Structure formats: C-alpha cells, structure tokens
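Step one of this worksheet: look at the structure below.
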Amino acid sequence: MMALSALLVLLALVGAPLFVVIAGSAMLGYYREGIDLMAVSVEILGIAGMPFLSAIPLFTFAGYLLSESNAPKRLVRLTGALLGWMPGGLALVSLAACAFFTAFTGASGVTIIALGAILYPALKQDGYPEKFNLGLVTTSGSLGLLFAPSLPLILYGIVAEVSIDSLFRAGLLPGLLMLVMLSAYSLWVNRDNRKPLSSFSMKEVGGALWEAKWELPLPVVVLGGIYSGFFAVSEAAAVTALYVLVVEVFILREISFRELPNVMRESMLLVGGILIILGVSLASTNYMIDAGVPQKLLSYVAELVSSPATFLALLLVFLLILGAILDIFSAIVLVVPLILPIAATYGVNEVHLGIIFLAAMQLGYLTPPVGLNLFIASYRFDKSILHVYAATFPFLVILMLSVLIITYWSELSMMLL
C-alpha cells in the first residue's frame, strides 16, 4: 500500500492529470477499507442528481459564445464612451470590461487573451505607462469571480451545499470593493493623464449603446432575474445560453454554423474537466469523511489556533499558496469539504467562507512564482516573467488589502442576504 501511495505522489509530480491522481487515491482508500470499488463509480454518477448542475455547462457555453463573437469589442467601446473621457478613464474601462467578461466566462485566462488584445494596445496609445498597462490587464483578468454568474461561485455552492442565490448576493459588495480599490489606485497613478472634457461625446455614447443593444439585456436577465427570485439559477442559465445563441448565431451572425461545433467542443472540454474532477473528488471526500480525516484535521488545527481571527489568518495564507499551485475548480472540490467543518467550529458562516475562499484563490492567480495568470500574460504579451511579476506587484498588494477587509468584515458579504 505504501508503494501505491508513493506511486500516486510520483504521478502527481510528473504531471499526471489531476482526476487520475484523485481517483487513484479514492480507489486506494476504498480498497484499504475493504469497500467495493464500484462505490467510486456510484459517487461519480451521483453528480447527475445535484441541483443547479445544469447551470455550469449552460453558463460556460454562453461565455464561450460571447468570447468568440465581437461582444468584447462592443463592451470595450461602450465602457470607453461612458468612462474613457475621465482622467484614467480607460483604466476604469479595462477593469469594468474584464470583470464583466470574467463573470460570464468563469475563466480569467480567457479574459486576458480575449480582451488583452484590445485593451493593452489601447492603453499604450492613450499614453499610459507600459508597466502599468501590463499589470492592469493581467490583474483585471482575475476580477469578476465574485460576480454572478461566475462558475466558481456555482461550483462552491454545489460542493458546500449552500444556496447559490445567496452566494451571488454575498459576492456583489466584496467584488465591488475590489473594483473600487483598484479603480482608485488607477486614477491616482494616472492623475496627470488628462483628456479634455470635449472628448466626451453623446453621439459616441448613443452609437455604442446601439451597437451593444443585444448584450445590454444580459446583466438584467441574469442578475435581475436571480436577485428578484423570478429565475432560479438553472433557469437563468438556460435563458442566458439560448439568448446568446440566438443573438450571436442567428441575429448578428458573428458565429457561423460551421464554427458553432468548435465553440461547443471547447466550452464542453472545460465543463467535462470540471465534472470529472468533481465526480472523483466526491468519492475521495466521502472516503476521507468515513476515515475521520476532517475530525483529525480539526483537532490538529484546534491545538494551534485559539481564535477565529487567527484561524482566518492561517486560512488566507493557506489559500494564497493553494491558489498559486492549483486551479480554482480543483481547489474547490478538494479543499472546501475539509475546511467547512473547521470553519463552522470557529463560527465562520459558510457563505462568508465561500467569498473568502474565492477572493483569496483569485489572488493565487497573481501570486509569484507560479500564479497562472502571470504566465498567461507573459506568453500573451511576450514579456519576461520577472517583468510581469514587477508590473503586477502594486495591484497584488491592493488586492491583498481588499481580501483582508473582506475576510475580517463579514458584514460586507452578509448584508445583502
């Protein structure tokens, strides 16, 4: 058994797919306890009965359709017409556009690739410092994970068995806090980069609004429908996917019938990866619960931690490290079941815990030396990784401060519930 355990560790180190390692550990655990290995298959099949599961592929498909269309350009034009005339206005445009786009795609790397090609040269042309531009676009890619209909929020709700509607409401103010703090920093840094007020044009605003008229109803449908209780999350996902499909394929015709299968394939590859990791992780989690791992972990933590404040501080350090080495979807299904009972012991609400978890994991995308978004930006903009580290550092500090506020000011997450 020790040899098999060592083999699993070796497979993880050499880059074996995560679901293979998780499934292997679950099967090893069940075999050790004398449980029929068919239980692993049963657990994987069990995800089909999970509430809100259909929201994941539907929102993902809608997000990929938007990313393959000209919707990003229309979004940038609209936000530019509304905010671009201000000192530092284009920086605000970048933050708002990236947050919106990440919320719908659920993938920050996609945002850097899709919007970076538009925003990075536009910022340079407007006279913003190159280092600031790189840091802003790289950082903005991770914004939006706390806004509906973010896939990580939905997945956390499924794994933690928490109301997804509550998570959508709880993430609104913390997400806005991050946006506001980064916006304030961007305005201060570029306070001398001014444009004359005459650059604001109602004609341009009207043109941008008309051009984006088909995308504008999306936030109303998703956010308004869910927050008002008119739509359940799965219903909002179905309406969103159908609406985006009709608009982009049949009305605007920016995605042809020939391209549609490729978009479906790419979006479902992401969904398939999430679901297979979720399925095998449920099997692994149930084994760990049966083996009393959470109780042992709780007793170990209790010896080291005496107060909720100390627990939250250690949790943040752990999540920052975790976010730098593991993608957010895998982290949710692997770690959340283990930390939930420990957090409950220290009086941390499970909804607030979800917002802390996602906010900290969002930082992990930007944490050196192996934050994923750092490498995506390095490749996308052909910059050395050390240059990307230096460019994103001020933004990382501000986001860390915002995460500390979110963590220790629980009312920020809970006041809309």
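The values are calculated or read from the model by the stated rules, or taken from the named source; none is laboratory data. These numbers were taken from a predicted model, which means no experiment stands behind them. Every residue, glycine as well, gets a Cβ built from its backbone with ideal geometry; the counts of neighbours run over all protein chains shown.
Hey, can you tell me all the residues within the range 377-417 that are among the basic types (K, R) and not in a loop (DSSP other than H, G, I, E, B)?
R380, the sole residue that qualifies.
Could you count how many residues in the range 249-273 are under 19 Å from T60 (Cβ atoms), among the β-branched types (V, I, T) and modelled with pLDDT of 85 or more?
Total satisfying the criteria: 3.
As an exercise: evaluate I226 against (1) touching a Pro at 6+ places or on another chain (Cβ under 9 Å); (2) among the β-branched types (V, I, T); (3) modelled with pLDDT of 75 or more and give the number of the one condition it does not meet.
(3)
Among the residues of the range 377-405, which ones are touching a helix residue (DSSP H, G or I) at 6+ places or on another chain (Cβ under 6 Å) and under 25 Å from V180 (Cα atoms)?
Across the range 377-405, the qualifying residues are A377, V388, A391, T392, F395, I398, L399, S402, V403.
Would you confirm, using the coordinates I've provided, whether F375 is free of Cβ contacts under 8 Å to residues at least 60 places away in the same chain, within 19 Å of D327 (Cα to Cα) and under 20 Å from the mean Cα position of the chain (by Cα)?
yes
Does P337 qualify as being over 15 Å from the mean Cα position of the chain (by Cα), modelled with pLDDT under 85, surrounded by 20 or more Cβ atoms within 10 Å (Cβ to Cβ) and farther than 20 Å from L412 by Cα?
yes
Answer yes or no: is there a residue in the range 203-220 that is out of contact with any Lys or Arg (no Cβ under 6 Å at 6 or more places or on another chain), within 30 Å of I339 (Cα to Cα) and at pLDDT 80 or above.
no
Look at the range 347-376 and say how many of its residues are buried (at least 19 other Cβ atoms within 10 Å of the Cβ), at pLDDT 80 or above and in a loop (DSSP other than H, G, I, E, B).
Total meeting the criteria: 2.
If I filter the range 53-74 for residues that are modelled with pLDDT under 70 and part of a helix (DSSP H, G or I), do I get at least one hit?
The answer is no, given that none of the residues of the range 53-74 is modelled with pLDDT under 70 and part of a helix (DSSP H, G or I).
Please verify whether the range 406-417 includes one or more residues that are over 18 Å from Y185 (Cβ atoms), surrounded by fewer than 15 Cβ atoms within 10 Å (Cβ to Cβ) and at pLDDT below 80.
Yes, there is a match, as at least one residue in the range 406-417 is over 18 Å from Y185 (Cβ atoms), surrounded by fewer than 15 Cβ atoms within 10 Å (Cβ to Cβ) and at pLDDT below 80.
In the range 214-262, how many are over 16 Å from F100 (Cβ atoms), part of a loop (DSSP other than H, G, I, E, B) and of a type outside the set (G, A, S)?
Final tally of qualifying residues: 9.
Residues that are surrounded by 21 or more Cβ atoms within 10 Å (Cβ to Cβ) and modelled with pLDDT of 85 or more: which helices (runs of 4 or more DSSP H) entirely in the range 101-181 hold 2 or more of them?
Because the criterion is at least 2 residues that are surrounded by 21 or more Cβ atoms within 10 Å (Cβ to Cβ) and modelled with pLDDT of 85 or more, the helices (runs of 4 or more DSSP H) in the range 101-181 that meet it are 130-140, 151-160.
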